[in-house]
Amino acid sequence: MNKITHFIVHSKVATAIAALLCIGVWIYAIIESGNGGVLSYLNLLLYVIFGMLIGSANERAATGSQRTTLHTTLYYMGCAINPQLAVWQESTICLMLMVAAYRIMATTYRGRTAMGSYFAAFALVGIASIYSPQLLYLVPVLILCCGFMQSLHARTAIASLLGVLVPYWVAFSILYLTDNTHLVQSFVERLTAGVSYAPAALHVPIGKGDTLAIPMIAIQWVWALMLAIPAIIRHTLSGTSKVKTRAIQNMQIGHMGTLFVGMLILPSLYTTMQPVLITLTATIGYGFFVSENKSRGRDIWLITLFVIWLLILGLNVWNSFSTY
């Protein structure tokens, strides 16, 4: 069992297998949806490249036995569970913007002159909210979560709010100069609209030709919780992490929880924020499996996760062929 978990955690082959399975599932989803245009395949390529960048950044930051590609593996696994992302182009834009914002926020730990960083980070969040208007409702909580970085005070909070507003000032100015201010009404409608979740479901055979339909959103969220909860518990109980590392992890956990609850309350955030949630759960969850203290329970949990993931992919394939 130790050899299996060591292979999963540290081998780049495991990452490559997860990436190839993810690509296969996504290509099939693109073909099946009938949206097999250039943008869909470009979207797939961007996700693959983004996963590689995550792995490269993690390797540069890692030292000794902590060097691992598991973060990237978990990212590709999360993407494979949600093949609908292959045809959601706005999700890709929001993912890039939000991750860039997190990278900037991570540099603000105890920063005395962090106003510029907060302004830039939340300007990116503001641009993301143009694509997903109801993200604006979560902005105050996202700002408060930055309090873990010990650099949030009145001036940085104001800088954050100004950063969120700047993209709207620019957008409105462009609409005004081009006589397209009527488009503001469509944005307001999206901001206040009630939206339902994507209807995709996974059908599980239960015998005699009957199946049990499980919403894909429930599977995706259960997967996220199975990754995040053990890591959060370990993070809470462990006192060995560096202070700055704990601060960044606390901020990430706060943002992950905010997005998770936000998507439960506001279904319109599901399509655009799901890849951000996948990335955050991979970032938070992989730490549970790479700690130096060996544990049989931890190894069993990791293998269980992989078995469940393979079962979900197998059911997806079965669902696809059963429709023909």
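List of remarks:
- Integer Hz, Karplus 6.51/-1.76/1.60 couplings in order for region 151-156, x for Gly and Pro: 10, 8, 9, 4, 5, 5
- What the Cβ-Cβ distance of residue 311 and residue 203 gives, at R0 = 22 Å and to the nearest 0.05, is a FRET efficiency of 0.95.
- Summed over the residues of region 59-148 and divided among them, the accessible surface reaches 38 Å² per residue at a probe radius of 1.4 Å.
- Residue 189 contributes an accessible area of around 100 Å² to the protein surface, as traced by a 1.4 Å probe with all chains present.
- By accessible area with a 1.4 Å probe, ligands and nucleic acids excluded, highest first: order of 188, 276: 188, 276
- Point-charge dipole on Cβ atoms (K/R +1, D/E -1) for the chain, about Cα centre, debye to 20: 1280 debye
- Protein heavy-atom accessible surface, 1.4 Å probe, per residue over region 243-316: 39 Å².
- Probe 1.4 Å, all protein chains present, accessible-area order of 283, 211, largest first: 211, 283
- In the chain, a dipole from Cβ-located charges (positive for Lys and Arg, negative for Asp and Glu) runs towards its positive end, and of 105, 288, 28 it is 288 whose Cα lies farthest in that direction.
- Computed FRET value (nearest 0.05) for residue 303 with residue 218, which takes r as the C-beta separation and R₀ as 30 Å: 0.85
- Inter-label distance, nm, simple model (7 Å from Cα along the C-beta direction), residue 318/residue 28: 1.3 nm
- Share of carbon and sulfur in the accessible area of the chain stands at 69%, probe radius 1.4 Å.
- Potential lengthening between residue 136 and residue 12 on full extension [0.36 nm per residue; Cα-Cα distance subtracted]: 40.8 nm
- Quarter of the Cα convex hull surface for region 117-181, i.e. its orientation-mean projected area (nm²): 4.5 nm²
- Karplus (6.51, -1.76, 1.60) ³J(HN,Hα), θ = phi - 60°, over region 115-124, in Hz, Gly and Pro reported as x: 4, x, 5, 5, 4, 5, 4, 7, 5, 5
- Order of exposure, largest accessible area first, which applies to 210, 299, 179 with probe 1.4 Å: 179, 210, 299
- Estimated FRET transfer efficiency (residue 107, residue 193; beta-carbon r; R0 41 Å; 0.05): 0.70
- Shown in residue order for region 269-275 are the 3J(HN,Hα) couplings computed by the Karplus curve 6.51 cos²θ - 1.76 cosθ + 1.60 at θ = phi - 60°: 7, 4, 5, 8, 9, 4, x Hz (x for Gly and Pro).
- Taking volume of the Cα convex hull per residue in Å³ as calculated from this structure, the corresponding entry among [x] 153; [y] 304; [z] 225 is [x].
- Amide H contacts for residue 204 (H built 1.01 Å from N in the peptide plane; partners 5 or more residues away or on another chain; cut-off under 5 Å): 212, 213, 214.
- Grouping the Cα pair distances of region 140-268 into 5 Å bins from zero gives a pair-distance distribution of 2, 8, 11, 12, 13, 13, 13, 10, 7, 5, 3, 1, 0 percent in increasing distance order.
The values are calculated or read from the model by the stated rules, or taken from the named source; none is laboratory data. Since this is a predicted model, take the numbers as computed values, not measurements. Don't worry about glycine lacking a Cβ; one is built from the backbone with ideal geometry, like all the others, and counts go over all protein chains shown. Areas reflect the complete protein model, heavy atoms only, side chains present, ligands, DNA and RNA absent. Shrake-Rupley method; radii C 1.70, N 1.55, O 1.52, S 1.80 Å.
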